[in-house]
Amino acid sequence: MSWHCFFLDLTGRVIGRRQRCTLIVILINMSTQESAIREFERHFGHPPAYVVRAPGRVNLIGEHTDYNDGFVLPIAIDRAVWIALRPISARRVCLHALDLKQSAEFSLAHIDRENQKWVEYIKGVAGALQHAGYPLAGWEGLITSSIPIGAGLSSSAALELAAARAFAAVSGFPWEAAKMARIGQQAERDWVGVNCGIMDQMISAMGRTGHALFIDCRSLKTDWVSLPPDMAVVVLDTATRRGLVDSAYNERRQQCNLAARFLGVPALRDVSQTALESKSAALDPVVYRRARHVVADNIRTRQAARALSQEDTVKLGQLVNASHISLRDDFEVSSPELDQIVECAQQTSGCYGARMTGAGFGGCAIAIVRPDAVQNFCKTVAINYRKATGLQPEIFICSAADGAAVDAV
Ligand code: GLA
């Protein structure tokens, strides 16, 4: 991972000059791609035929809204899962995870659940694809990733989409991004057992360089919104990892469903603030606060997409700050460390706004920062967060990247 520091230093120095930033991102991607190819050859004894890449994500705004049929505004980031691979004649998948130094294989004729962690995501994708009628060919592949695990940057969705791209490449079926996002979600829900929404898989499948993706999670209608030149997106990793997130996540989902049922609508997406307020006294107070967050964040997300397209970064920052308060107080999915890093960010010069991102309970926050202040911003937040918590955060500037892709080698 030596390129990692290289990335931080260089990016810090050149931020604000888009072309040079893009060049650095390309260089880093190339080095990960080359290492996947080189290590494949070393492990399997011959060169790969393809290399696939699927990115992680940060969500600018619209949190815990996707499973309420609402709106989200994520970006695909320049950290990704890479698989170098080659078709094989047997209907098997033979894998080596470079970073974990683990190998595994399974048959496509009979897929068993074995709780092998990372392998289960790939089996889940294979199972979902076969269930949807895609005939699958076998392959051998080497996996490597630059997305930290459990940090809320969607390393699992990236693995699912990379696997889907790998199956598409060797089996010869066309790549349909939204369909593949659904396949990834099914793998995670039905095979791995995490009842997630659709946001992470959609953005990993459909991201675009320099753009955020506005997603209507009911219709899956999407709009790319270009990111204004006067903003940098900074990822603030608290160095804490979420515990018990699945049970808390499922509990939030149940509370949202309860609220929707009580209000007589299919999903909280269909509730206006006025309708919610008129029934507030009759609702359980906790369920009411959960619903209040979702209804308000849906409104904020639409406003944020508008603010982005009008290059109104100040407005975007205000919406991002308001979203954090709502996640902290109404949805209660923040953590002391996330609150601390968000506060450090908001108090540092050049920051338009900051909030936790992803499911919560640990992991990462994001900040929207003025490019000319970003270098100092990263340093100051790191110092102040360390002082307040004793933890060493990882702070990096990210750029919006393309979604899952395949290259012939
Ligand atoms: C996780 C889930 C997403 C979404 C977010 C919260 O990342 O995988 O579907 O629900 O949490 O917005």
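Each reported figure results from applying straightforward, stated rules to the coordinates on display, with no laboratory input. Computed from a predicted model, the values in this text were never measured in an experiment. Heads up, the Cβs are rebuilt from the backbone with ideal geometry, glycines too, and the neighbour counts pull from every protein chain shown.
Could you list, in sequence order, the residues of segment 151-184 that are part of a loop (DSSP other than H, G, I, E, B) and more than 16 Å from the ligand (Cβ to nearest atom)? Let's see the steps before the verdict.
Step one: list which residues in segment 151-184 are part of a loop (DSSP other than H, G, I, E, B), which gives 151-154, 172-176.
Gly172, Phe173, Pro174, Trp175, Glu176, listed by residue number.
With Arg292, Arg328 as the choices, which residue is crowded, with 22+ Cβ neighbours inside 10 Å, of a type in the set (Lys, Arg) and out of contact with any strand residue (DSSP E or B) (no Cβ under 7 Å at 6 or more places or on another chain)?
On the way: Arg328 fails: crowded, with 22+ Cβ neighbours inside 10 Å.
Being crowded, with 22+ Cβ neighbours inside 10 Å, of a type in the set (Lys, Arg) and out of contact with any strand residue (DSSP E or B) (no Cβ under 7 Å at 6 or more places or on another chain) holds for just one of Arg292, Arg328, which is Arg292.
Within segment 185-202, how many residues are crowded, with 18+ Cβ neighbours inside 10 Å and near the ligand (Cβ under 10 Å from one of its atoms)?
Qualifying residue count, segment 185-202: 9.
Look through Leu60, Leu85 and report the one residue that is away from the ligand (no atom under 16 Å from the Cβ), of a type outside the set (Val, Ile, Thr) and buried (at least 20 other Cβ atoms within 10 Å of the Cβ).
Working: Leu60 fails: away from the ligand (no atom under 16 Å from the Cβ).
Sole residue among the options that is away from the ligand (no atom under 16 Å from the Cβ), of a type outside the set (Val, Ile, Thr) and buried (at least 20 other Cβ atoms within 10 Å of the Cβ): Leu85.
Suppose we keep only residues that are in a helix (DSSP H, G or I) and within 14 Å of the ligand (Cβ to nearest atom) within segment 203-236. Which one would you say is surrounded by the fewest Cβ atoms within 10 Å (Cβ to Cβ)?
Only one residue tops the list, namely Ala205.
For segment 30-50, check the following and say yes or no: at least one residue is out of contact with any Phe, Trp or Tyr (no Cβ under 6 Å at 6 or more places or on another chain), buried (at least 21 other Cβ atoms within 10 Å of the Cβ) and aliphatic (A, V, I, L, M).
No, there is no match, as no residue in segment 30-50 is out of contact with any Phe, Trp or Tyr (no Cβ under 6 Å at 6 or more places or on another chain), buried (at least 21 other Cβ atoms within 10 Å of the Cβ) and aliphatic (A, V, I, L, M).
With Asp402, Asp339, Asp372 as the choices, which residue is within 30 Å of Trp175 (Cα to Cα) and of a type outside the set (Gly, Ala, Ser)?
Working: Asp339 fails: within 30 Å of Trp175 (Cα to Cα); Asp372 fails: within 30 Å of Trp175 (Cα to Cα).
Going through Asp402, Asp339, Asp372 in turn, just one is within 30 Å of Trp175 (Cα to Cα) and of a type outside the set (Gly, Ala, Ser): Asp402.
Can you confirm whether segment 332-340 contains a residue that is under 17 Å from Thr238 (Cα atoms), assigned to a strand (DSSP E or B) and within 16 Å of the ligand (Cβ to nearest atom)? Working first, answer last.
So in segment 332-340, the residues under 17 Å from Thr238 (Cα atoms) come out as 333-340.
Still in the running and assigned to a strand (DSSP E or B): none.
So far as segment 332-340 goes, no, none of its residues is under 17 Å from Thr238 (Cα atoms), assigned to a strand (DSSP E or B) and within 16 Å of the ligand (Cβ to nearest atom).
Would a scan of segment 272-284 turn up a residue that is within 14 Å of the ligand (Cβ to nearest atom), of a type in the set (A, V, I, L, M) and touching a residue at least 12 places away in the same chain (Cβ under 8 Å)?
Looking through segment 272-284, none of the residues is within 14 Å of the ligand (Cβ to nearest atom), of a type in the set (A, V, I, L, M) and touching a residue at least 12 places away in the same chain (Cβ under 8 Å).
State the number of residues belonging to segment 139-174 that are of a type outside the set (Val, Ile, Thr) and surrounded by fewer than 20 Cβ atoms within 10 Å (Cβ to Cβ). Working first, answer last.
If we filter segment 139-174 for residues that are of a type outside the set (Val, Ile, Thr), which is where we start, we get 139-142, 145-146, 148, 150-169, 171-174.
Within this subset, residues satisfying the condition of being surrounded by fewer than 20 Cβ atoms within 10 Å (Cβ to Cβ) are 148, 150, 171-174.
Counting residues in segment 139-174 that are of a type outside the set (Val, Ile, Thr) and surrounded by fewer than 20 Cβ atoms within 10 Å (Cβ to Cβ) gives 6.
Within the set of pairs 6 or more residues apart or between chains, which connect a residue that is more than 18 Å from Ser154 (Cα to Cα) inside segment 360-371 to a residue that is part of a loop (DSSP other than H, G, I, E, B) with Cβ atoms less than 6 Å apart?
Ile368/Met231; Val369/Gly350; Arg370/Gly350; Pro371/Ile15; Pro371/Gly16
Consider Ala388 against the criteria (1) out of contact with any helix residue (DSSP H, G or I) (no Cβ under 6 Å at 6 or more places or on another chain); (2) surrounded by fewer than 17 Cβ atoms within 10 Å (Cβ to Cβ): it satisfies all of them except one. Which criterion is unmet?
The failed condition is (1).
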